[in-house]
Amino acid sequence: MSYKVGLVGKPSVGKSSFFNAATMNDVPEGAYPFTTIDPSIGEAYVGIDCAAPEFDETCEPNHGFCEDGTRFVPVKLVDVAGLIPGAHEGNGLGNQFLSDLNEADVLVHVVDFSGETDIEGEPTEGHDPRDDIDFLEAELDQWYLGILEKGIEKFQSMYQGPNPGDEITLESVLAEQLSAFKTNKDEIKQVVLSLGLELDPEPWDDDDRFALAQEIRKRTKPMVVAANKMDTAAAQENYDEITSDPEYDHLTVVPTSAHAEKALKKAAEGGVVDYTQGDDGFDIVGDVSAEQERGLEQIREFVEAFDGTGVQRVIEAALFDELDAKAVFPGSANGDWSKGPFRDCFVLPGYATAEDFAYHLHSDIGDGFLHGIDCRTNRQVGADAELEHRDVVEIVTTG
């Protein structure tokens, strides 16, 4: 599988610019609503320390690329259509937005921290980015609440009272109703109980139902905030205020400049700078005009102050921090790389076991799984053994 990161936010905050900077695609950009009408899908990357040097090998990536010891593994980035207030009721492109959004494993909310766009995405001054963060979370919460309410109604219409032969449970009905969010009855049951609620909706009030919808949303649609346009003084002031506000402790907020990332990548392609995405610095190696040099030095100030442009860090935070994903390399315990060394690297769920890895490689490999081999220690790995980030594992199989 390839994880899918959903890029969301109101119009005109630099969402398409972020998408282009991360993927170097060329979707339309503009300071007006609905620049993006249909979702654009591109290939972004997460950076992982390559394992090949530990085995005195030079990797030959089948997908992605490797640069200066960092393996860049592809993930799907989806630039979802513009969002406006009332999307959960179908306003604007709301229905399409929510449909596209549902395909994402994790969300990156691009927010204009400079405060130069209002809640509708129109130009303004002094807008509080907190309003944008609150507005998106509120839209998602109301979306989840509407689906949850339908599940509760379905349960109440089906439930005939407790008896030994009755297999209808609240958690199973709600899990079926919310199945599009990739949840299950065990997780639903755990969330209900964690909120101190009974496994019976009869005594729940409106606040209980909303709290449940909100908690399910947080668990099934984790989110990172890309604090965009941070190369302005106003944005940096807003960033300091928001990151020190306990109301937003539940969110990871990454200072970002999509403009700086795209400019550096273009300059690197043109041989003007030596820069690898995600780096916290760069060198000017080509001929530049005085004006270009001034522009690059302004970018340098931002990059050095915030340890990079933030674009790469946002995507990696989404996968490795919010989803707790991990990267695993297929290996060769005896050093036989007949198809080339370290061709592949896969990003898997944090709970993935050796057997899960085998099935990820191919269903026949999973069906014939015997054991794995940790290529660093040459020890056998059992089917249920959870793998670690950057493990190098050979699968031994009858298939």
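The values are calculated or read from the model by the stated rules, or taken from the named source; none is laboratory data. Predicted model only: the values in this text are computed from it and were never measured. Note that we place each Cβ from the backbone using ideal geometry, even for glycine, and neighbour counts take in every protein chain shown. All accessible areas refer to the heavy atoms of the entire protein, side chains included, with ligands and DNA or RNA removed. Shrake-Rupley method; radii C 1.70, N 1.55, O 1.52, S 1.80 Å.
With the whole protein complex present, CYS50 retains an accessible surface near 10 Å², based on a 1.4 Å probe.
Give me the percent of accessible area attributable to carbon and sulfur for the range 161-252, probe 1.4 angstrom. With neighbouring chains kept in place, the figure for the range 161-252 is 44 percent. Shown are HIS109, HIS127, HIS362, whose ranking by accessible area with a 1.4 Å probe and every protein chain present, most to least, is HIS362, HIS127, HIS109. Treating each Cα of the range 182-230 as an identical point scatterer and summing with the Debye formula, the log10 of I(q)/I(0) at q = 0.31 Å⁻¹ comes to -1.25.
Take the cross-link list LYS76/LYS189; LYS76/LYS326; LYS182/LYS229; LYS15/LYS182; LYS229/LYS262; LYS4/LYS218 and give me the ones stretching past 23 Å between alpha-carbons. Table pairs above 23 Å Cα-Cα are LYS76/LYS189; LYS182/LYS229; LYS15/LYS182.
One way to sum up the overall shape of the chain is the equivalent ellipsoid from its Cα gyration tensor, whose semi-axes run 37, 34, 16 Å, largest first. Using a probe of 1.4 Å on the protein chains alone, the accessible area found for SER332 is around 20 Å². Ligands, DNA and RNA excluded, the heavy atoms of GLU198 present near 110 Å² of accessible surface to a 1.4 Å solvent probe. Per-residue extension of 0.36 nm, minus the Cα-Cα distance of ASN102 and ASP128, leaves a gain of 6.6 nm for this segment.
With a cut-off of 16 Å, note down the residues of the range 244-268 whose backbone N falls inside the zone around a label point 7 Å from the Cα of ASP307 toward its beta carbon. What the label zone holds, given the 16 Å backbone N cut-off, is 252-257.
Computed from the C-beta positions of LYS4 and LEU199, the FRET efficiency with R₀ = 45 Å rounds to 0.90. Longest exposed-loop-site-free stretch of the chain, with trypsin sites (Lys or Arg not before Pro), DSSP loop and at most 15 other Cβ within 10 Å? With trypsin sites (Lys or Arg not before Pro) excluded where exposed in loops, the chain gives 1-181 as its longest stretch. Note on the chain: antiparallel DSSP beta bridges, both residues inside, total approximately 55 percent of the bridges counted. Mean-square fluctuation check for the chain, GNM, Cα pairs under 10 Å: which of ASN378, ASN62, ASN334 is largest? Result for the chain, Cα springs under 10 Å: ASN334 fluctuates most. Taking 0.36 nm per residue of sequence separation and removing the Cα-Cα distance, the ILE284/TYR359 pair yields an extension gain of 22.4 nm. On a per residue basis, the convex hull of the C-alpha atoms belonging to the range 294-399 measures out at 139 Å³. Solvent-accessible surface of the chain, taken per residue with a 1.4 Å probe and all protein chains present: 46 Å².
Only helical DSSP H runs with n ≥ 4 go in: add -39500 (n - 2.57) per run for the chain, normalise by residue count and round the 222 nm mean residue ellipticity to 500 deg cm²/dmol.
Working: 12 runs with 139 residues, N = 399.
Using -39500 (n - 2.57) per qualifying helix, the result is -10500 deg cm²/dmol.
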